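Since the structure comes first, as structure tokens, the remarks are kept for the end.
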Amino acid sequence: MKNQFLSFLTFFLLFIATSIQAQIKSKVWYDGNARVMYDRNVLAGSNLDQTDTVSSRSTGQGFSKIDLGIHFTPVKDIEINSSIRLQNDFGGMWGNRNTVALRSLSATGVIKNKIRFSVGDLFLNQSKYTLYNYSQELAKYEPSVFNFYREYINYENYYIKNYWRLQGIQTNFSYNMYKFIEQIDLDIFSSRVRGSQWLGDPELLMIGGTTFIRLNKNFKIGSHYINTFEVMSSSNTNVAYYNPVITAKIIYSDKIYEKYPYSLIFEGGLSQRGWRGDEFAPETNGSFFSSSFKSKIKSSNVSLSFRYVDTDFRSIGSQSRRIHYSLTPTSYPFYNNNFTQRKISLLDIVSDPNIYNQKLSTSLMNYNPMYSATMPYGDATPNRIGAEINIEDINVTYFLKLNLDAKYFTEISGQGTREKRDFLNGVIYSKLFLNKIFDLNRPIIIETSFNSENVKRAGSAIEKISLNNHLLSGGVSIGIIENLNLICGAKMFSSKGNEYLIERNKYDEIIDYDKVTYANEEKIVIAGLQYYFEKDTYITLQFNHFNVLDVDNVKDEFSMKRLVFMFNMNL
């Protein structure tokens, strides 16, 4: 009954929109996305073939989805945006796997040609220390042959660049002045992070704002502010969470020798977090400071930065992670006769949108040091001091480009000991255009990247930590005929050493440590064909092979083959 009502509602909205468009064509337009995906997963490896008598040898699943975005301008300065999803899961009978859902709804407008506003679904982004959605682990400089998975994951989880999707109201405006101040920019918002729950946590709200003052063409100062807090009266509780964060920012821009533009950026801030009404809850006060130099030299972008983030700095908007390690992976969550629960691995990070998080978290989410130990919470990772250098788009020759990124950080305070961890992380990426070398009409592009991370801590035998994580990625794209490419790629991951996993209570206080040893090897191989109708409209048919091995526990090795078809079109 519900599906029938939604189907009727969708048809009615489309009919009305089409009717209006027929009368006033300029007031209604459409966009959206259409995607068809089917994959068949097959258990592989001699160990599983011989010992697992419970798990299905192969499983298949697929869907077709159309997200129709409707934009309607009822009056000159108001636009209403909505996205309606029509989905059909393969294998249903008589429409029992068909769904119709409203994916997003918002309205935007301008008051007196000066003040802009948005209500409904918002995509918000501030400083990297107040409100920022950091990319997932091992994603930097990934070869483009893996983009079809990345685009799928980001789209399904509303990841648009580094914005968080929230619901509420936002307004912003700019005001041009004279004499001592050239321009003032102001952006403020209010959102509902979590609704009230029956006999559960109270309503969680977030308010925030950004202001920038341009003093002249070179000098700009600004501030970011967010405050996340629970409304005590919305639930039967006497405890309410709060977490205000405020920053100040100075930006100076100029040119070196009137030729090379550069910027100097300084930012510092304070945070506070606690629980009103809870006598056992601590109130923590934290701070951070960062400075960076950014320049463009010829075609290359250069960035040097220093960061200090103390142990007690807490910011719900910038420390919420994308990957939720407590969730269950979609493909074969149990294997070995349903005896072994499969942990989230590189396979799932690359291809499974269901392990990703779409909500802000009031506590520090768990992470896996195999995949991200240096900066598990991005630039806002607490208990870090160090520096980073990043150089992008280095044109070594006309046929070779390089990207480089290097970080060195150390802990400010030791955890469980006075000894401190040292973190060293480096990434190098190359893009080689073989077609330019041999003057070929069809593109032949080879991409490689190497991500290396090292964690060390000195001290006694029980204090020592030594963990080495390495990811080698490669991709080849060969143009066969116009718009048709043969693609293949691989990811080879290894982790070896020891670390301590941190156990925290509900106040984020460390209460225990769990020593873990890693001897892991993972492999992903893809090969197939990809045809482009346009840049964002393509069909791909691929064969994938995944293997996850713990050298110290060979009997739990997991290996899987996948045949995947995907059609994607941005409307």
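What shape does the stretch 431-543 take by its C-alpha gyration tensor, where a ≥ b ≥ c are the square roots of the eigenvalues and a/c under 1.5 counts as rounded, a/b above b/c as prolate, and the rest as oblate?
Prolate.
Going down the table (LYS456/LYS523; LYS294/LYS523; LYS161/LYS220; LYS407/LYS464), which pairs top 28 Å between alpha carbons? Among LYS456/LYS523; LYS294/LYS523; LYS161/LYS220; LYS407/LYS464, the Cα-Cα distance tops 28 Å for LYS294/LYS523.
When the helix-only estimate is applied to the chain (DSSP H runs of n ≥ 4, each -39,500 (n - 2.57), divided by the residue count), what is the mean residue ellipticity at 222 nm, nearest 500 deg cm²/dmol? Please list the in-between numbers first.
Working: 6 runs with 52 residues, N = 571.
Helix contribution divided over all residues of the chain: -2500 deg cm²/dmol.
Seen from a random direction on average, the alpha-carbon convex hull of the stretch 114-570 projects onto 26.6 square nanometres. Taking label points 7 Å from Cα along the Cα-to-Cβ direction, THR517 and LYS464 give a separation of 1.3 nm. Summarising the label geometry, the points placed 7 Å from Cα in the beta-carbon direction at SER363 and THR330 lie 2.8 nm from one another. For an R0 of 30 angstrom, estimate the FRET efficiency from the Cβ-Cβ distance between LYS217 and ILE78 and round to the nearest 0.05. Approximately 0.30, to the nearest 0.05. Measuring between their Cα centroids, the stretch 156-192 and the stretch 456-517 lie 35 Å from each other. Checking the Cα-Cα distances for LYS249/LYS296; LYS140/LYS249; LYS249/LYS491; LYS128/LYS217 against a 29 Å cut-off, the pairs over it are LYS249/LYS491.
Coordinate-derived values only; no laboratory data. Quantities reported herein were computed from a predicted structural model and do not represent experimental measurements. All Cβ positions, even for glycine, are placed from backbone atoms using ideal geometry, and neighbour counts span all protein chains on display.
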